[in-house]
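To keep things clear, I will list the structure first and then write my remarks on it.
The values are calculated or read from the model by the stated rules, or taken from the named source; none is laboratory data. No experiment lies behind these values; they were computed from the predicted model shown. No Cβ is skipped: glycine too gets one built from the backbone with ideal geometry, and neighbour counts run over all protein chains shown. Keep in mind that these areas ignore ligands, DNA and RNA; they rest on the heavy atoms of the full protein, side chains included. Shrake-Rupley method; radii C 1.70, N 1.55, O 1.52, S 1.80 Å.
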Amino acid sequence: EAGLCGSCHTLYTHTRGPDGNIIGQLPEQVPYLEWRHSSYSDHQSCQSCHMPTIERPMPITSVLGLNREMFSRHAFRGGNFFVLNMLRRYATPLAVNALPQNLAVACRETEKNLTTSAAHVQIEAARVSNGELTVRLRLSNLTGHKLPTAYPSRRVWIHLTVKDAQGRCIFESGGRAPGGAIAGNDNDQDPTLYEPHYRYIDREDQVQIYESIMVTPEEKVTTGLLSAIGFVKDNRVLPEGFDKETADRDIAVQGRARKDTDFKGGRDRIRYVIGVGNEKPLFRVHARLWYQPISYRWAQNLDQYTAPETDRFVRYYDAMSADSALLITDDMRTVK
């Protein structure tokens, strides 16, 4: 039953004050509670995705094992392909006991799950009028919890490009920047800021990022779990059937998305308005959805500490940052 998963994956961390005493708590990861507030709780368990059932009888032990029906694979498909690759790449200095081929298989299964079963992006409409190209996107969450869910370093974002008839890029929002950052993202540029939720975008420095942003009791943006007491932004895409008006505080939508009527259970809609002037209306619109299990700011904030563990992690992250994000879905349309 899903409650078995929830017994470990409902995790609260304790907020510490300046003197080290506990002053509050943070719902650090609560995918089970998100699932319970969705329509998936009526017909689909956590195990059905993360521990898929083998369709044929299988022996449950390798020695004298009897065939059993409905055997669940203990693959535990999750979302952190990046750390799996890190463990494989730096197996020797990290004293990893798992075989590299097993880590490779786990990584491939994780990526396959993300690219086939996590989300769908669709360009619902795109047209030119009065010197403006208007693009309407729909992002659907195919999972039974928020997208992304669990550890708050995770984020997905929309990368939208528009090219003209000659193939020149005339607009780009959410491009990938060096080091694992997102171009135009306020939080990647300044740790005290964050990118808000958008209903429409008309500038390249505006990026639709679905994420949770933590704050301290003084309402300062942080990535420190022990200093965080709540979320100033949580616009992670809701699962089907999730009612944001009746959601408990620990799974509530936070920030501008709360009042966005196009942000609801199962999906989000967003408009892009791009000035094209008198250019000939032949444009190629490409919408991509990228996923990053450990975002740039979460890694780089560790660089302020002087310790062997944090130094090593930031060094590994920087070396692998080009592969820190995964394209999980995309759509294209030509506008004439």
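Just to be sure I understand the filter: pairs with C-beta atoms under 8 Å, separated by 6 or more residues or on different chains, first member in the stretch 227-239 and within 12 Å of residue 152 (Cα to Cα) and in a strand (DSSP E or B), second member among the hydroxyl-bearing types (Ser, Thr, Tyr) and open to solvent by 20 Å² or more (accessible area, probe 1.4 Å). Which pairs pass?
233/194
Could you identify the single residue in 125, 98 that is of a type outside the set (S, T, N, Q), open to solvent by less than 70 Å² (accessible area, probe 1.4 Å), in a loop (DSSP other than H, G, I, E, B) and free of Cβ contacts under 8 Å to residues at least 60 places away in the same chain?
Details: 125 fails: in a loop (DSSP other than H, G, I, E, B).
The unique qualifying residue is 98.
Taking only pairs six or more apart or across chains, which ones have beta-carbon atoms under 8 Å, a first residue in the stretch 132-158 that is more than 24 Å from residue 221 (Cβ to Cβ) and among the polar types (S, T, N, Q), and a second residue that is assigned to a loop (DSSP other than H, G, I, E, B) and open to solvent by 10 Å² or more (accessible area, probe 1.4 Å)?
141/240; 143/149
Among the residues of the stretch 73-93, is there at least one that is more than 30 Å from residue 321 (Cα to Cα) and at pLDDT below 95? Outline the logic, then answer.
Filtering the stretch 73-93 for residues more than 30 Å from residue 321 (Cα to Cα) gives 73.
Adding the requirement that they be at pLDDT below 95 leaves 73.
The answer is yes; a qualifying residue exists.
Anything in the stretch 11-40 that is farther than 18 Å from residue 153 by Cβ, outside any helix (DSSP H, G or I) and hydroxyl-bearing (Ser, Thr, Tyr)? List them, or say none.
38
For the stretch 213-226, enumerate the residues that are in contact with a strand residue (DSSP E or B) (Cβ under 6 Å, 6 or more places away or on another chain) and either part of a loop (DSSP other than H, G, I, E, B) or modelled with pLDDT under 95 (or both).
Answer for the stretch 213-226, where residues must be in contact with a strand residue (DSSP E or B) (Cβ under 6 Å, 6 or more places away or on another chain) and either part of a loop (DSSP other than H, G, I, E, B) or modelled with pLDDT under 95 (or both): 216, 225, 226.
Within the stretch 50-94, which residues are assigned to a loop (DSSP other than H, G, I, E, B), open to solvent by 60 Å² or more (accessible area, probe 1.4 Å) and among the β-branched types (Val, Ile, Thr)?
60, 61, 63, 92
It is to be established whether one or more residues within the stretch 103-122 are touching a helix residue (DSSP H, G or I) at 6+ places or on another chain (Cβ under 7 Å), charged (D, E, K, R) and free of Cβ contacts under 8 Å to residues at least 60 places away in the same chain.
no
Give the residue that is farthest from residue 52 (Cα to Cα), with candidates limited to residues of the stretch 101-119 that are among the charged types (D, E, K, R) and open to solvent by less than 60 Å² (accessible area, probe 1.4 Å).
Among those residues, the one meeting the criterion is 111.
Please enumerate the residues belonging to the stretch 141-171 that are farther than 21 Å from residue 332 by Cβ and in a loop (DSSP other than H, G, I, E, B).
143, 144, 145, 146, 148, 149, 150, 151, 152, 153, 154, listed by residue number.
Output the qualifying pairs, or none if there are none: Cβ atoms under 7 angstrom, residues six or more apart or on different chains, first residue in the stretch 266-287 and among the small types (Gly, Ala, Ser), second residue open to solvent by 30 Å² or more (accessible area, probe 1.4 Å).
Every condition considered, the pairs that remain are 266/240; 275/132; 287/330; 287/331.
Considering only residues of the stretch 253-281 that are in contact with a strand residue (DSSP E or B) (Cβ under 7 Å, 6 or more places away or on another chain) and in a loop (DSSP other than H, G, I, E, B), which is surrounded by the most Cβ atoms within 10 Å (Cβ to Cβ)?
253
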